[in-house]
Amino acid sequence: MKNICMIAFSHLPMDVRIKREAEALSDSGYSVDIICLKGKDEQSFQDYDGFSVHRIDLTYNKIGAFSYIGSYGLFSIKSMIKLIQLNKKQKYDTIHVHNPPDFLVLTAFPFKLLNRTRVILDIHDPFPEIFASRFERKMDSTFVHFLKKIQYICCIAADRIITVNDTIKNDLSSRGISNIFVVMNSPDEKLFDSSKRYTSKAEFNLEGKFIILYEGSIMKRRGLQILVEAVDSLKVEIPNICCLIAGDGDYFDTILSMIKDKSLEDYVIMLGHKPVEYMPKYVSIADICVIPFTDAPINDIGTPNKLFEYMIYDKPIIVPKLRAMSDLLSEDDCFFFEPGNYKDLASQIVKIRNLVESSQFIPIYKPVYEKCKWDLMKLKLLECYI
C-alpha cells in the first residue's frame with residue numbers, strides 16, 4: 001500500500017474537495033494522512049473512514065496583508081515539523097499539497113530531494129488572484145507580480161499540478177507552467193441525489209414563497225450586497241419573494257445590517273453556516289439558484305462547486321458574465337448577468353419567474369454536467385497518481 005500525506009491550510013472534514021479526494025484515493029488502495037488546521041473543540045488527531053487527520057493548533061490573523069502572509073508562513077513551518085514526525089513512522093510516497101498558499105508546497109521539497117518523494121500541488125485558487133481580490137490590488141501591481149513569480153517557482157518544485165478548471169489551467173500554462181491535470185470541483189452524487197425529494201417548502205414555513213438560494217462563503221467579493229439590492233428592488237413586483245443565504249464569513253454582519261437597514265427581514269433570511277449534508281434540502285426547494293459574484297480577479301477564473309449542485313437538481317441558475325463561467329456555460333445553459341449590476345440581476349430573476357410560472361423553463365444542463373461529474377473527475381485524480 002502506498003502512503004500519501006496531504007497538507008492543507010483548511011479544516012477537515014469541512015473542506016469537501018479535500019475530503020472527496022482523500023476518500024477517492026483511499027478507495028483506490030492508498031493510505032492517506034492529512035495535516036490541516038485545528039478548529040475550536042476539534043481533536044488533534046482523528047480517524048475517519050478512509051483517512052486520518054492530524055490537526056495543527058494555530059492562532060492566526062488574516063486581516064492585514066502581512067498578517068495574512070505571515071499566518072500561512074507559520075502554518076508552513078508547523079506543517080513541516082509535523083510532516084517530519086509522521087514520515088519517521090511511515091515513509092510517504094507522495095506529498096499532496098493544497099493551496100493557498102502556493103509556497104506551502106515548499107514544506108514537501110526536502111522530502112523530494114532526500115527521499116525522491118513525489119510532490120503534487122493542488123491549486124484550488126491561484127494565490128496571486130486570491131491576494132489581489134482580498135486586498136483589492138490590481139493584477140499588474142508589483143506585489144501581485146512577485147506572487148506570480150513565487151507561484152511559478154512553487155509549480156516547478158512540484159512534480160504535478162492539479163487545478164479546478166480549464167480557465168485556470170490555461171492561465172497557468174501562459175505563465176510557463178506545465179504538467180497540469182484538471183480535477184473539477186464537482187459534488188458527491190451520493191449526497192446530492194436528484195431522485196430524492198428531501199423536503200418541501202412547508203417544512204420550512206416557506207409555503208407559497210418564491211425562493212432564491214445562495215450558498216457559500218459570505219465575503220464582499222461574493223456579491224451578496226448585489227443580491228440583497230436586487231431583492232429589495234423586487235419586493236413590490238414579487239411580494240412572495242424570499243432569498244435564503246446559507247453560509248458564513250467576514251461579511252456576514254455587513255449583509256445582516258444591510259437587510260435590517262432596508263427592512264428586508266421578511267424577504268431575506270440569513271441561515272448561517274449549514275453542514276454540507278443539509279444543503280440538498282435547501283437546493284431542492286429553491287426556485288432559482290444564484291451565484292452573485294463580483295468581477296474580482298479570483299471570481300473571474302472560478303467555477304464554484306455549488307454550480308454543479310444546482311445542475312443536479314435542474315434548477316434555473318443565474319451566474320455573472322465572467323471568464324470561467326463563460327468558458328463552461330453558454331447562454332442556452334444558464335442566465336447571465338453583468339457582475340455588480342443589481343438591476344440586471346433583478347431582471348434575470350423576473351425573467352426566470354415568468355418562465356417557471358408559465359412552465360416554460362426547460363433545464364439543459366446534462367451535457368455540461370456529464371463532462372464534469374465526480375465519477376470522471378475521480379479518474380483524472382487517479383491518473384495524476386500513475
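The values are calculated or read from the model by the stated rules, or taken from the named source; none is laboratory data. Because the structure is predicted, anything quoted here is derived from the model rather than measured. Ideal geometry is used to build each Cβ from the backbone, glycine not excepted, and the neighbour counts take in all protein chains shown.
Looking at the structure I just gave you, is Phe293 of a type outside the set (Val, Ile, Thr), part of a loop (DSSP other than H, G, I, E, B) and either without any contact (Cβ under 8 Å) to a residue 40 or more places away in the chain or more than 20 Å from Phe210 (Cβ to Cβ) (or both)?
In short, yes.
So, in region 353-363, how many residues would count as being over 14 Å from Ile312 (Cβ atoms) and within 30 Å of the chain's Cα centre (by Cα)? Steps first, answer last, please.
So the first thing to find is which residues in region 353-363 are over 14 Å from Ile312 (Cβ atoms), and the list is 353-362.
Add one more test, that the residue is within 30 Å of the chain's Cα centre (by Cα), and what stays is 353, 355-356, 361-362.
Residues that pass the stated criteria total 5.
For region 339-362, how many residues are assigned to a loop (DSSP other than H, G, I, E, B) and surrounded by 15 or more Cβ atoms within 10 Å (Cβ to Cβ)? If you could, list the steps in order and put the result at the bottom.
If we filter region 339-362 for residues that are assigned to a loop (DSSP other than H, G, I, E, B), which is where we start, we get 339-341, 358-362.
Imposing the further condition that a residue be surrounded by 15 or more Cβ atoms within 10 Å (Cβ to Cβ) reduces the set to 339-341, 361.
Looking only at that region, the number is 4.
Give me the pairs: first residue in region 370-386 and closer than 16 Å to Leu328 by Cα and in contact (Cβ under 8 Å) with a residue 12 or more places away in the chain, second residue of a type in the set (A, V, I, L, M) and part of a loop (DSSP other than H, G, I, E, B), beta-carbon distance under 8 Å, and six or more apart or on different chains, which are they?
Cys372/Met184; Met377/Val183; Met377/Met184
Return the residues of region 323-344 that are at pLDDT below 95 and acidic (Asp, Glu); say none if nothing qualifies.
Asp327, Glu331, Asp332, Asp333
Any residue at all in region 252-272 that is surrounded by 15 or more Cβ atoms within 10 Å (Cβ to Cβ), closer than 30 Å to Lys19 by Cβ and within 17 Å of the chain's Cα centre (by Cα)?
no
For region 100-142, enumerate the residues that are among the polar types (S, T, N, Q) and surrounded by fewer than 23 Cβ atoms within 10 Å (Cβ to Cβ).
Matches in region 100-142: Asn115, Thr117, Ser133, Ser141, Thr142.
Okay, residues lined up against (1) in the same structural domain as Val119 (by TED's automatic domain parsing); (2) over 29 Å from Glu277 (Cα atoms); (3) not in a strand (DSSP E or B):
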| site | (1), (2), (3) |
| --- | --- |
| Pro13 | yes, no, yes |
| Ile34 | yes, no, no |
| Arg55 | yes, no, no |
| Leu58 | yes, no, yes |
| Gly73 | yes, yes, yes |
| Ile77 | yes, yes, yes |
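May I ask you to list the residues in region 141-186 that are more than 14 Å from Ile301 (Cα to Cα), part of a strand (DSSP E or B) and not basic (Lys, Arg)?
Scanning region 141-186 gives Ile161, Ile162, Ile180, Phe181.
Against the conditions (1) within 27 Å of Phe146 (Cα to Cα); (2) surrounded by 13 or more Cβ atoms within 10 Å (Cβ to Cβ), where does Ile77 fall short? Just the number, please.
So Ile77 meets the others, but not (2).
Taking the criterion of being part of a helix (DSSP H, G or I) and over 22 Å from Tyr152 (Cβ atoms), would at least one residue in region 89-112 satisfy it?
Yes, because at least one residue in region 89-112 is part of a helix (DSSP H, G or I) and over 22 Å from Tyr152 (Cβ atoms).
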